[in-house]
Number of protein chains: 2
Amino acid sequence: MDIDNFFSAKSIAIVGVSKDPKKVGHVIFRNFIDGEFRGKLFVVNPNADEILGHKAYKSVLDIKDPIDLVIIAIPAELVPKIIDECGKKKIHHAIIVTSGFKEVGNDKLDRKLEQTLKRNKILAIGPNGLGTFDAYSKLDSLFLPRYRLQRPKEGNISFVCQSGAVGSAILDYATDKGYKFSKFASYGNAMNVDESDLLEYMGNDPNTKVICLYVEAVKDGKKFLAVAKRVSMKKPIVAIKGGKTEEGSKAALSHTGSLAGSAAVYSAVFRQCNIIEASSLGEMFDIAKMFEICALPMGRQVQVITNGGGYGILSTDAIVTSSLKMAQMSAETLKELRKQMPVIATVNPMDLLGDATTERYKIAINAALKDYGVDILLLIVLYQTPLVSTDIVDIIVETNDLCRKPIVCVSTGGEFTETLKKNLESNGVPCYNFPEDAVRAIEKFVQYHRK
Amino acid sequence: MDIDNFFSAKSIAIVGVSKDPKKVGHVIFRNFIDGEFRGKLFVVNPNADEILGHKAYKSVLDIKDPIDLVIIAIPAELVPKIIDECGKKKIHHAIIVTSGFKEVGNDKLDRKLEQTLKRNKILAIGPNGLGTFDAYSKLDSLFLPRYRLQRPKEGNISFVCQSGAVGSAILDYATDKGYKFSKFASYGNAMNVDESDLLEYMGNDPNTKVICLYVEAVKDGKKFLAVAKRVSMKKPIVAIKGGKTEEGSKAALSHTGSLAGSAAVYSAVFRQCNIIEASSLGEMFDIAKMFEICALPMGRQVQVITNGGGYGILSTDAIVTSSLKMAQMSAETLKELRKQMPVIATVNPMDLLGDATTERYKIAINAALKDYGVDILLLIVLYQTPLVSTDIVDIIVETNDLCRKPIVCVSTGGEFTETLKKNLESNGVPCYNFPEDAVRAIEKFVQYHRK
């Protein structure tokens, strides 16, 4: 299925661009104007001559240029007619943001739209979806204003999301946290492009390193199983299932018009496809960022280095109760370390104590990374103590660039801490607030790579 | 045990104030000067005449005024001698931030200090602890600079924390998130003032509504059981245990010199005392803030209102798999609602749809709060959609002020969202990033009040 135009169309028509700045079509158009999209843009509105200084066409049929993609934001009952016009115009891809179909019980109109799309050989994302966003091509059909929903920078996470609200909220949240994206698609009712088609596409996207998936109901189970198995061999898929309980499933029925199915069935399907199941939206991105930026783990031996004893203890508790193991450094490494360090209170967690300096961290980090018994470094840096100078960030980043072992940081704090964490994350070192979050993410990361 | 001076001493001597701005004693003194402490302050340093413009005394014995509290930041081996001088000076309370005792295996010095304290009838917080902070009296012995560790405003959470690093990191984090505190104590090795004494004190503190506790090892099990049972009848205690696993417990031994004991034993003790056990540091404050600011719950029936279908589904999943219940509004309420609302897709979760306006929220919120079948309102507001105007914050706050049911908000997003959330939280409405976090906190909140 060729769905590339949903992400890299060079010429786009938006049907239903009102003069009213509050209307969906207007916001979409406005976002294109304010954004960095470099392709051609056409506006369709039968009742206007121009909108925001752009010529308005009465119909897509009046546009002379070929159109790669149409974005439709008009009342539901008018959509089939417009689709027929798009067919005549030889448009093959449509994003339908309009809602009011199966999800509100309007099955008749739903069937009509489905048939119209089929007859005109048009692939559609939606209806009742937010559409797509591509951080590289700058194609952005999200009908939410930029001051409310920040757009992410170019990166390597892609996000396939049935629900538009989940998609936009998470996109905004993740952008604020500094996560970078390749592609995003909110596919709503999945009329003829579904989660499997999008997974397959993201699987082949060279910019995508990890795929996040929020799904309420898989449309075609067999297809999903085949595609997900294939894609997860190449790239990790981190998924969350909405409507795992019977009650949640009922709510899903009226949300995107699909029956959600039981928790047990989905968890089994996910396991079978080697899909990583997240237990919450927050955890989904905790896991994804590790896949985006970390080096591959060679094993599951974790070395903890900390300047806070309590954090070392909590990390140990979390590691020991997971499928990970506490690393054991060799006698040579420790002998070498003892020459350079004043006191080593405990070896793993290695507590550098409250008066730890950046220099002491440097010695410990290098020793741990060189040791064959260490696969992953869990580095706790509490920036509240003044002897940890801010150049520790440079040291961690430089070490991370050179070494082939994943380094994962934990820091808790306010503004000062957050600034340093953002610095680390934008330079390829994933950071977490609490030991438990980090360990949970490391565990999923290692599990995927050991399969 | 009279330990009030640790929090509200009116005259304080700091022993070991170096001229070197990097040294612990100097930072403590500096923080007092920069802070809002209104009591008398004396500096002791036998090798200086003045420090930062303040007269330096050779010994506490040279100070004419009575001293309520001494803060000691000198090398470990000198501490007993200073304690003897404090005894002569009739000082009865000492915060000993110095480390180098039992936690590094120096048992002999440990015993000597313990005996010296006993002989001089001095109660000590520490050694190897951060000391205390009181948001009301402004007494602040934390030896961490203000630019790295923000100090919280006056509020109703108190935090008893064995580990100094956990304490300071969390205090900084929680302050940044807008949580407000009454008192904080990091008690380190717990030589003669322990977690039970501090719990008892916080239990009697009129400014404390909820107590957070991080403990690695309880010193006196019987005493703890008796005190915790008594205190938790009056006020909720939310606790996290460091060193629940054997490995974590070993790490704890060298951290604060105490054997931590098994997970099962502690969980049983916590249950017996009606202590709420948090599974991570993050969750501890997720729970605490609900106790700090929410109205009492009358039952466990939760009504979900949302403008994002997916969030409604995830909330339902979380509620149904907890000990909470989905509320069922009465037929009358629904009849009334249907008159005012366009379409009600689902009743609980009540999906106000992506084009929900503030007005629509207002109608739904009022209906839910009036209904006898609703005990708690889980209000999901995704601010990405432009029809939710920012005055929804005023409406939620006004409603919250008037109603007697807990309102809990969930919003996910970037800067715009965060600003509105901070606004809500500082006006008494707890906010969470994700439905799962909110539901977990509501569950613990309800469980405590149902016992």
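The values are calculated or read from the model by the stated rules, or taken from the named source; none is laboratory data. Please read all numbers here as calculations on a predicted model, not as lab measurements. Every residue, glycine as well, gets a Cβ built from its backbone with ideal geometry; the counts of neighbours run over all protein chains shown.
For (1) over 29 Å from B:Lys422 (Cα atoms); (2) within 15 Å of the chain's Cα centre (by Cα), each residue gets a yes or a no:
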{"position": "B:Ala239", "(1), (2)": "no, yes"}
{"position": "B:Ala263", "(1), (2)": "yes, no"}
{"position": "B:Ile287", "(1), (2)": "no, yes"}
{"position": "B:Ile293", "(1), (2)": "no, yes"}
{"position": "B:Leu314", "(1), (2)": "no, no"}
* Only one of (1) modelled with pLDDT under 95; (2) part of a loop (DSSP other than H, G, I, E, B); (3) away from chain A (no Cβ under 14 Å) is not met by B:Thr208, so which one is it? -> (1)
* To do: Say whether the condition of being more than 30 Å from B:Lys370 (Cβ to Cβ), in a strand (DSSP E or B), aliphatic (A, V, I, L, M) and within 14 Å of chain A (Cβ to nearest Cβ) is met by at least one residue in segment B:261-271.
  => no
* To do: List every residue pair whose Cβ atoms sit under 8 Å apart, with the two residues 6 or more apart in sequence or on different chains, where the first one lies in segment A:351-370 and is touching a residue at least 60 places away in the same chain (Cβ under 8 Å) and the second, anywhere, is assigned to a loop (DSSP other than H, G, I, E, B).
  => A:Ala368/A:Ala327; A:Ala368/A:Met329; A:Ala368/A:Val374
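Return the only residue of A:Ile237, A:Ile275, A:Ile313 being within 24 Å of A:Leu382 (Cβ to Cβ) and either of a type in the set (A, V, I, L, M) or in the same structural domain as A:Tyr383 (by TED's automatic domain parsing) (or both).
Details: A:Ile237 fails: within 24 Å of A:Leu382 (Cβ to Cβ); A:Ile275 fails: within 24 Å of A:Leu382 (Cβ to Cβ).
Checking each option against the conditions leaves just A:Ile313.
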* Residue by residue through segment A:49-67, note down the ones that are modelled with pLDDT of 95 or more, aliphatic (A, V, I, L, M) and outside any strand (DSSP E or B). => A:Val60, A:Leu61, A:Ile63, A:Ile67
* Structure fact -> Taking segment B:279-304 and keeping only residues that are surrounded by fewer than 24 Cβ atoms within 10 Å (Cβ to Cβ) and not in a helix (DSSP H, G or I), one is left with B:Ser279, B:Ser280, B:Cys294, B:Ala295, B:Leu296, B:Pro297, B:Met298, B:Gly299, B:Arg300, B:Gln301
* Asked: Would it be correct to say that A:Lys23 is away from every other protein chain (no Cβ under 14 Å) and either farther than 20 Å from A:Ile63 by Cα or without any contact (Cβ under 8 Å) to a residue 60 or more places away in the chain (or both)?
  -> no
* Counting only residues that are buried (at least 24 other Cβ atoms within 10 Å of the Cβ) and touching a helix residue (DSSP H, G or I) at 6+ places or on another chain (Cβ under 6 Å), which one in segment B:153-169 is farthest from the other protein chains (Cβ to nearest Cβ)? -> B:Ser158
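Of the residues in segment A:41-53, how many are on the phi < 0 side of the Ramachandran plot and free of Cβ contacts under 8 Å to residues at least 24 places away in the same chain?
Quick first cut of segment A:41-53, residues on the phi < 0 side of the Ramachandran plot only: A:41-51.
Now drop any that are not free of Cβ contacts under 8 Å to residues at least 24 places away in the same chain, which leaves A:46-47, A:49-50.
Summing the residues that are on the phi < 0 side of the Ramachandran plot and free of Cβ contacts under 8 Å to residues at least 24 places away in the same chain in segment A:41-53 gives 4.
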* **So B:Glu200, is it acidic (Asp, Glu) and modelled with pLDDT of 95 or more** => yes
* Structure fact -> All-but-one check, B:Glu332 against (1) more than 12 Å from every other protein chain (Cβ to nearest Cβ); (2) more than 28 Å from B:Gln447 (Cα to Cα); (3) not in a helix (DSSP H, G or I), failing number (3)
* To do: Take B:Met341 and decide whether it is of a type in the set (A, V, I, L, M), more than 19 Å from A:Ser163 (Cβ to Cβ) and in contact with an Asp or Glu (Cβ under 8 Å, 6 or more places away or on another chain).
  => no
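Any idea which residue in segment A:211-244 is farthest from A:Lys289 (Cα to Cα), counting only those that are in contact with a strand residue (DSSP E or B) (Cβ under 8 Å, 6 or more places away or on another chain) and part of a loop (DSSP other than H, G, I, E, B)? Even if it seems obvious, please write down each step before you answer.
Initially, segment A:211-244 is screened for residues in contact with a strand residue (DSSP E or B) (Cβ under 8 Å, 6 or more places away or on another chain), giving A:211-216, A:228, A:231, A:235-242.
With the extra rule that they be part of a loop (DSSP other than H, G, I, E, B), the set shrinks to A:216, A:235-236, A:242.
Working: A:Glu216: 23, A:Lys235: 13, A:Pro236: 11, A:Gly242: 21 Å.
Once the filter is applied, the top-ranked residue is A:Glu216.
Of the residues B:Val70, B:Val27, B:Val79, which is within 33 Å of the chain's Cα centre (by Cα) and not in a helix (DSSP H, G or I)? If you could, list the steps in order and put the result at the bottom.
Values: B:Val27 fails: not in a helix (DSSP H, G or I); B:Val79 fails: not in a helix (DSSP H, G or I).
The unique qualifying residue is B:Val70.
Residue by residue, here is whether (1) surrounded by 24 or more Cβ atoms within 10 Å (Cβ to Cβ); (2) over 27 Å from B:Asn427 (Cα atoms) holds:
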residue: B:Phe181; (1), (2): yes, no
residue: B:Phe184; (1), (2): yes, no
residue: B:Leu198; (1), (2): yes, yes
residue: B:Cys212; (1), (2): yes, no
residue: B:Lys222; (1), (2): no, yes
* Structure fact -> When (1) surrounded by fewer than 17 Cβ atoms within 10 Å (Cβ to Cβ); (2) within 17 Å of B:Val97 (Cα to Cα) are applied to B:Val27, the one that fails is (1)
* Selection count, segment B:421-451, where residues are closer than 21 Å to B:Val381 by Cβ, surrounded by fewer than 20 Cβ atoms within 10 Å (Cβ to Cβ) and of a type in the set (S, T, N, Q) -> 3
* The one condition in (1) away from every other protein chain (no Cβ under 14 Å); (2) more than 30 Å from A:Leu424 (Cβ to Cβ) that A:Ala135 fails to fulfil -> (2)
* To do: Report yes if some residue within segment A:102-115 is more than 22 Å from A:Ala185 (Cα to Cα), free of Cβ contacts under 8 Å to residues at least 60 places away in the same chain, in a loop (DSSP other than H, G, I, E, B) and touching a Pro at 6+ places or on another chain (Cβ under 6 Å); otherwise report no.
  => no
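Can you find even one residue in segment B:115-125 that is within 14 Å of another protein chain (Cβ to nearest Cβ), in contact with an Asp or Glu (Cβ under 8 Å, 6 or more places away or on another chain) and polar (S, T, N, Q)?
Here is the first cut: in segment B:115-125, the ones within 14 Å of another protein chain (Cβ to nearest Cβ) are none.
No, segment B:115-125 has no match at all.
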* Restricting the first residue to segment A:382-409 and requiring it to be away from every other protein chain (no Cβ under 14 Å) and closer than 16 Å to A:Ile305 by Cα, which pairs with a second residue that is assigned to a helix (DSSP H, G or I) and of a type in the set (Gly, Ala, Ser) meet a Cβ separation below 8 Å and a spacing of at least six or different chains? -> A:Val408/A:Ala438; A:Val408/A:Ala441
* Asked: Given (1) under 30 Å from B:Gly178 (Cβ atoms); (2) over 25 Å from the mean Cα position of the chain (by Cα), where does A:Asp375 come up short, assuming only one miss?
  -> (1)
